[in-house]
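Below is one structure, written out as structure tokens; comments come after it.
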Amino acid sequence: MKTYVVKEGEIEREWYVVDAEGKTLGRLASQIARILMGKHKPYYTPHLDTGDFVVVVNADKIRVTGRKLDQKMYYRYSGYPSGLKSVTLRRQLETHPDRVIWAAVRNMLPKNKLGRVMLKKLKVYASPDHPHAAQQPKPLDL
């Protein structure tokens, strides 16, 4: 019995839409990362990008537990002295709620070139509208 390894041309990608309203941030991000990597498919191959596209809507209605709204910090660095900026989760959800889910999923993907390719298949929107209706995304209940 030989092991079957899928080839790049045989991978079929689908589009899924996920409603983030009322979902817990970490649990939602881990399930999205699993779909982006392709671990839900029977022909998952670690060295190939076998994942699907995921469109997340209602990112501003995400739920977090505990005191993370005031304690969790997001950092960015400009590269200059004293250029480290920090923002709390509460402030980030008010200004850029799409970046919260994007950052959570990014940290759950592989930290290499393949992980960066997988992350390009994630589309996050704060409102319930998205411009990917032409791809006919299937609703995904997580």
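Here, each number is a calculation from the coordinates, and none is a lab measurement. None of these values were measured; they are calculated from a predicted model. Ideal geometry is used to build each Cβ from the backbone, glycine not excepted, and the neighbour counts take in all protein chains shown.
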Given backbone amide H placed at 1.01 Å from N, residues whose amide H is under 5 Å from that of Glu14, ignoring those fewer than 5 places away on the same chain, are Phe53
With a Cα-only, solvent-free Debye model of the chain, what are the log10 I(q)/I(0) values at q = 0.11, 0.14, 0.17 Å⁻¹? -0.46, -0.71, -0.97
Separation between the Thr45 and Val5 pseudo-spin-labels, each 7 Å from Cα along Cα→Cβ, expressed in nm? 0.7
Residues of the stretch 100-121 with amide N under 20 Å of a point placed 7 Å along Cα→Cβ from Tyr75: 100-109, 111-112
Taking Cα centroids, how far is the stretch 94-142 from the stretch 36-74 in Å? 7
Can you list the HN-Hα couplings for the stretch 78-94, worked out from phi with the Karplus curve (6.51, -1.76, 1.60; θ = phi - 60°), rounded to whole Hz and with x for Gly and Pro? 7, x, 9, x, 6, x, 7, 10, 10, 9, 6, 5, 4, 5, 5, 5, 6
Relative contact order computed over the chain (Cα-Cα under 8 Å; 6+ residues apart), in percent: 33
What residue among Lys61, Lys123, Lys113 has the largest mean-square fluctuation in a Gaussian network model of the chain, using Cα springs under 10 Å? Lys113
